[in-house]
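This report refers to the structure that appears directly beneath it.
Just so it is clear, none of the values below were taken in a lab; they were calculated from the coordinates. If you're wondering where the values come from, they're calculated on a predicted model, not measured in any experiment. No Cβ is skipped: glycine too gets one built from the backbone with ideal geometry, and neighbour counts run over all protein chains shown.
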Amino acid sequence: MDAPILDYFNEEGLINKESYLRNSKEDFDRVMLLKEYQIDTALLIFHKNIDEIINNGKLEEFYNFTNASNVNKCYIYDKKFVVALSPLGGSAAGGLMEELGFMGIKNFFACGSAGQIDQSIDSTAFVLVNRAIRCEGASYHYLEPSLYIETDKDLTNFVANYLKNNNYTFNNSITWTTDAFYRETASEVELRKSQGAVCVEMECASWSAIAKFRGYKFAQLLYFSDAVKQEGWKWHPTKNELKIAVIKIMLACVEEFIKTEGKE
């Protein structure tokens, strides 16, 4: 049986930077702030109430990423970099990366949650992704089929050094990116573990593939929000604390990156 998702076309899409900006859905005047502040870096996060974490005095709203009935706000943080609220899933999250890339963002950091499938590691430790298993759809429209996609080595090493220097516990590991969290079966969990995955989430492979196709840099830090194991599924009791912690860590990490790049 033919599988259309494996039909890879190595050419530019009809919706591209030029056509999108020419036919944009909203006024791009605010986007000019990125050029004014010379911003080329973004942090992608998953959180509804951003004012719980960041002093609103540091946030300047500049863009709404609109996907059907959902609106995800994008902010400029302290005139240094973008903080964007991401939708769930590789396809929608990938659209956010594309639009920010059209505006000039080239360095993408991300943090998010994952389901722990390797129960032998510390559930309170973070996961710095070095590779993602491509068990979703979006990445196959950007790169030829393969089992894994790597995050950017330079950006990932930067995050690793930041975590080490600040004494954070983390694993440099493989994640499994899926489109369908209600179809994480017992057999597939065992297969993905045998392929090296310690956790499962829904965006990393897509983001990694888009970044590689476009020539961007991408790195992601995850925390365990839940456990996916043979005897059943359950939330981790520390998920709320870790969710806030991982965002704060990555905010500080990106600030350090901006200083290192000499953009401050």
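The gain in end-to-end length when the L14 to K153 segment is fully stretched comes to 47.0 nm, 0.36 nm per residue minus the alpha carbon separation. Taken about its Cα centre, the chain carries a charge dipole of about 480 debye when Lys and Arg each add +1 at the Cβ and Asp and Glu each add -1 at the Cβ. Annotation: extensible slack from T169 through K35 equals 44.6 nm (criterion: 0.36 nm per residue apart, minus Cα-Cα distance).
Size of the chain: Rg and Dmax of its alpha carbons, in Å, are 18.0, 56. Candidates Y148, V198, G262 compared by Cα position along the dipole of the chain: farthest toward the positive end lies G262, with charges placed on Cβ.
The alpha-carbon of K234 sits under 18 angstrom from the alpha-carbons of these aspartates and glutamates, leaving out residues fewer than 8 places away in its chain: D118, D122, E184, E188, E190, E201, D226.
Note on E144 and S120: the extension gain reaches 5.3 nm, defined as 0.36 nm multiplied by sequence separation minus the Cα-Cα distance.
Only lysines eight or more places from K229 in sequence, or on another chain, were considered; those with a Cα closer than 19 Å are K193, K239. Rounded to two decimals, the Cα-based Rg/Rh of segment 62-139, with Kirkwood Rh, is 1.01.
Cut-off 10 angstrom, C-alpha nodes, Gaussian network model of the chain. Which of T177, T66, T156 fluctuates the most? Judging by the Gaussian network model, the answer is T66. If you take the square roots of the eigenvalues of the alpha-carbon gyration tensor of segment 140-264 and sort them as a ≥ b ≥ c, do you get rounded (a/c under 1.5), prolate (a/b over b/c) or oblate? Because a/c hits 1.5 or more and a/b fails to exceed b/c, segment 140-264 counts as oblate. Stokes-Einstein diffusion for segment 155-212 at 25 °C, viscosity 0.890 mPa s, with a Kirkwood radius from C-alpha pairs, works out to 187 µm²/s.
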